[in-house]
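Written out below as structure tokens is the structure these notes cover.
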Amino acid sequence: MSMLTPQGLKGKQYRITGNSYPRLGRPPKKSRKVIAALVGLLTLALIALGGVQLYDIFTGKNKNSSAQACAAPSGKPLAAPTAGATPGAPAASGAPAAQGDPHAVPQAAAVTVNIYNATTKAGLAGRTAEEFKKRGFTIGKVGNAPAELDKKVPGTAQVIAGPTGAGAGTLVGSQIAGATVTADARTDASVDFVIGDSYNALLDETQAAAALALATKPSPTPTASGSC
């Protein structure tokens, strides 16, 4: 036998004998009140949270998360095309070029074209130079192509321009279908027109104007989409 004072028996000692145990009393009323208060506060908090979420749904504030998921990567916006430049929104042939812009398409009279024949057809450079002259271009050198290009231009023509003659190269390249436009390190704005094996004739002026408009057509500006 032993004398024990279990919790909840309010300090009274009981003698434990055999298999009989004293019956424990109910928890104090104060503890029950505290537990009930905590349960009530938790219930109110859950109700308030649910109300906030429903408010966001009906007012559309929950769209922020989907908008962030669909947003494009951050960065500076693309610069608007310079008027009279290519690529971008260039001026048509004959319109004044944007001053100081090497990509601006100049007037034909402001472009010096060197005509070189890389084929075995005699006199082709001279006849082609006459066609360019009729269209208002300034004619520079006329003759056979240099050794590195002679009989090595399989297409209709190869148009070569330097960094300061990019717009002029675009204008010259639009005069012939299938021309290859390349760049070199020259410092002036002259353009070389090297006649290739497939060359027959320049486009007529209407076709050339259409080809120039197509070559200098502005790229579509990306727009925001409503969905991912």
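A few notes on this one:
- To the nearest 10, the accessible area of Arg127 is 140 Å² with a 1.4 Å probe.
- The share of accessible area on the range 99-202 that comes from carbon and sulfur is 53 percent, using a 1.4 angstrom probe.
- For Ala109 and Thr164, the FRET efficiency from 1/(1 + (r/R0)^6), where r spans their Cβ atoms and R0 equals 22 Å, is about 0.80.
- Counted residue by residue at 0.36 nm each, then reduced by the alpha carbon distance between them, the extension gain from Gln207 to Lys152 reaches 17.1 nm.
- Rounded, prolate or oblate (a/c below 1.5 giving rounded, otherwise prolate when a/b exceeds b/c) for the range 132-223 by Cα gyration tensor: prolate
- In the context of the full set of protein chains, the range 136-228 has a per residue accessible area of 54 Å² (1.4 Å probe).
- Sites Leu214 and Thr187, calculated FRET efficiency, Cβ-Cβ separation with R0 35 Å, nearest 0.05: 0.75
The values are calculated or read from the model by the stated rules, or taken from the named source; none is laboratory data. What you are looking at is a predicted structure, and each value in this text was computed from that prediction instead of being measured. Neighbour counts run over all protein chains shown; Cβ positions are idealised from the backbone, glycine included. These accessible areas exclude ligands, DNA and RNA; they are computed on the full protein's heavy atoms, side chains included. Shrake-Rupley method; radii C 1.70, N 1.55, O 1.52, S 1.80 Å.
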